[in-house]
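To start, the structure under review is shown below, and the notes come after it.
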Amino acid sequence: MAMTMTQKILAAHAGLDKVEAGQLILVDLDRVLGNDITSPVAIREFDRIGAKAVFDKDKVTMVMDHFAPNKDIKAAVQCKMCREFCDKHEVTHFYDVGQMGIEHALLPEKGLVVPGDVVIGADSHTCTYGALGAFSTGVGSTDMACGMATGKAWFKVPSAIKFVLKGKLNKFVSGKDVILHIIGKIGVDGALYKSMEFVGEGVSALTVFDRLTIANMAIEAGAKNGIFEVDEQTEAYVKERSDRKFTAYKADEDAVYDAVYEIDLSTIKSTVAFPHLPENTKTFDEIEDIKIDQVVIGSCTNGHYKDLEEAAQILKGRKVAKRVRAIIIPATQDIYLKALENGLLKIFIEAGCIVSTPTCGPCLGGYMGILAAGERAVATTNRNFVGRMGDVASEVYLASPAVAAASAVAGKIADPLSL
Amino acid sequence: MKFTGKSIKYGDNVDTDVIIPARYLNTSDKKELASHCMEDIDKEFKSKVCDGDIMVAGFNFGCGSSREHAPIAIKESGISLVIAKSFARIFYRNSINIGLAIVECDEAVEGISDGDRVEADLDAGVIYNKTTGKSFQIQPFPEFIQKIIQNGGLVRSIQVGEIK
């Protein structure tokens, strides 16, 4: 039976010639990831299993990014617990303040994921690495604990939806608009339990960073994973960062899909997801004046250097509107440094933005930009659920870095083309 | 596995941010998590939930974050079973892994109102609404998952050598 990209990776890691949708399998893991919120629960379960050591100290990764730098005493206790665990088990890839970045920007940057890998992470946006042709998916803390102990995880083999991309994106339109457009089309459970596989000539018209953003939000359509076909850009990106050999999997010609969508990238416009679901998408021909109080540019979805560059293009020589707080969060130390060296930070600060150390902070309503009742934010983050960034009566509008930057300048949700 | 309790009902897309808001994730203490369970969607939940109660919801229950704190908070608050039209996949896995019983059944969700007395027998594959007298058939879990549940979760499955 013909297989999808995802099914081929899973079969290879289960030691099987073939698998089919619905089959329950046990697979070998190439990487197990956790953060400062999910790892403490996993560490407790790991100890309960009675495991003496992690299955492979080079394949376990912990990143202190959610409430780090420690937002309060309880957060400090959680990070301390992770630090002590990683010291005890000699975990190679433990990233603390000073080295850490937002996990899903950090792992690709450090070359910790290559095409064909199977990665589980106790963070729902672990699906990001599908951008590099890996199977990666979010799990909970118990799965993380068992993964750390055994190097294995159980999966139900998913069926898939195929997205055939063609054409090129227009000015100020980026990966974020593509994925918001898709979620608007299929809904927040449109890909529930399934893979979203991205193929076609349009893939090569997207940068690796656009693909990371698209795969990152596959979970917002309910998907198990999002995955892109590997091309020359992927290979160049990975080879620059890792010496590991890898396999680029392609779906069989006659693989079966639950649905196939053809998407012409040139027809996609700047898209905004209105409260309180990522599927509530609108384009600017449907958006009236909506005043805002805050802009957040960052997160695992849109904290890449390319995202900051797009925001800087718009903010250069302009000022953030009165009564708008603009918060910019480079996703990793390397991105931060590059933004410093290339003058982006100067542009942001002169425009009236603040620039923060890497953290997930405001995206999940942790700290560093919490909203009061009645306040509205335009954010390049990934969720706009009730209370996501603060009070239950606050609102989050999800958008691209270009739209967020234009909105900061305009003081209302704004199309970058309108400036 | 048999369950009995009153129904506490919600709509579609109940996300993990309303089940347990991230501002409380600076702890993994079960009791503390339970004390904030559902508070951003239902301020009354804490006062009305009794041991054994059954949560009923629409499509895509538990969507969003991978936080295992969500099923932990629900279980610790006394809920014995969640019946939904569908579950977000990470929540589904997490529930099985920590031993919170869940089941998908469109008809039962349609046929149960908030506050109804509900009985469920997952082995027999039946949900019974005592208030209305209607019953609903459910699909049993695949054997592999049944074993994890019977073992009392994934950790126990590894301890007994079911998963190596």
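Values as computed for the structure displayed
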read-out	value
The one condition in (1) facing another protein chain (nearest Cβ under 8 Å); (2) under 22 Å from A:G187 (Cβ atoms); (3) not β-branched (V, I, T) that B:H69 fails to fulfil	(2)
Single condition A:M100 does not satisfy, out of (1) in contact with a Lys or Arg (Cβ under 9 Å, 6 or more places away or on another chain); (2) assigned to a loop (DSSP other than H, G, I, E, B)	(1)
Where a residue in segment B:11-25 is within 7 Å of another protein chain (Cβ to nearest Cβ) and under 17 Å from A:L277 (Cβ atoms) and its partner, wherever it lies, is in a loop (DSSP other than H, G, I, E, B) and among the aromatic types (F, W, Y), with Cβ under 8 Å and at least six apart	B:N13/B:F59; B:D15/A:F385; B:D17/A:F385; B:V18/A:F385
Filter result for A:E84 (acidic (D, E), out of contact with any His (no Cβ under 9 Å at 6 or more places or on another chain), crowded, with 19+ Cβ neighbours inside 10 Å and assigned to a helix (DSSP H, G or I))	no
Residue that is modelled with the highest pLDDT, among those in segment A:136-164 that are hydroxyl-bearing (S, T, Y) and surrounded by fewer than 24 Cβ atoms within 10 Å (Cβ to Cβ)	A:S159
Listing of helices (runs of 4 or more DSSP H) fully contained in segment A:159-247 that carry 2 or more residues being without any contact (Cβ under 8 Å) to a residue 24 or more places away in the chain	A:232-239
Near pairs, Cβ below 6 angstrom, 6+ apart or cross-chain, from segment A:353-376 (within 10 Å of another protein chain (Cβ to nearest Cβ) and under 16 Å from A:A326 (Cβ atoms)) to any residue that is in a loop (DSSP other than H, G, I, E, B) and among the β-branched types (V, I, T)	A:C363/A:T381
Filtered residue count, segment A:1-18, keeping only those that are surrounded by fewer than 23 Cβ atoms within 10 Å (Cβ to Cβ) and within 14 Å of another protein chain (Cβ to nearest Cβ)	2
Close pairs (6 angstrom Cβ cut-off, 6 or more residues apart or separate chains): facing another protein chain (nearest Cβ under 9 Å) in segment A:122-146, charged (D, E, K, R) and buried (at least 24 other Cβ atoms within 10 Å of the Cβ) anywhere	A:T137/A:K224; A:G138/A:D123; A:G140/B:E68; A:S141/B:E68; A:T142/A:E45; A:A145/A:E45
Filter result for A:Y257 (assigned to a loop (DSSP other than H, G, I, E, B), buried (at least 16 other Cβ atoms within 10 Å of the Cβ) and in contact with a strand residue (DSSP E or B) (Cβ under 6 Å, 6 or more places away or on another chain))	yes
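The values are calculated or read from the model by the stated rules, or taken from the named source; none is laboratory data. What you see is a predicted model, and the numbers here were worked out from it, not measured in a lab. With ideal geometry, Cβ positions are generated from the backbone for all residues, glycine too; neighbour counts draw on all protein chains shown.
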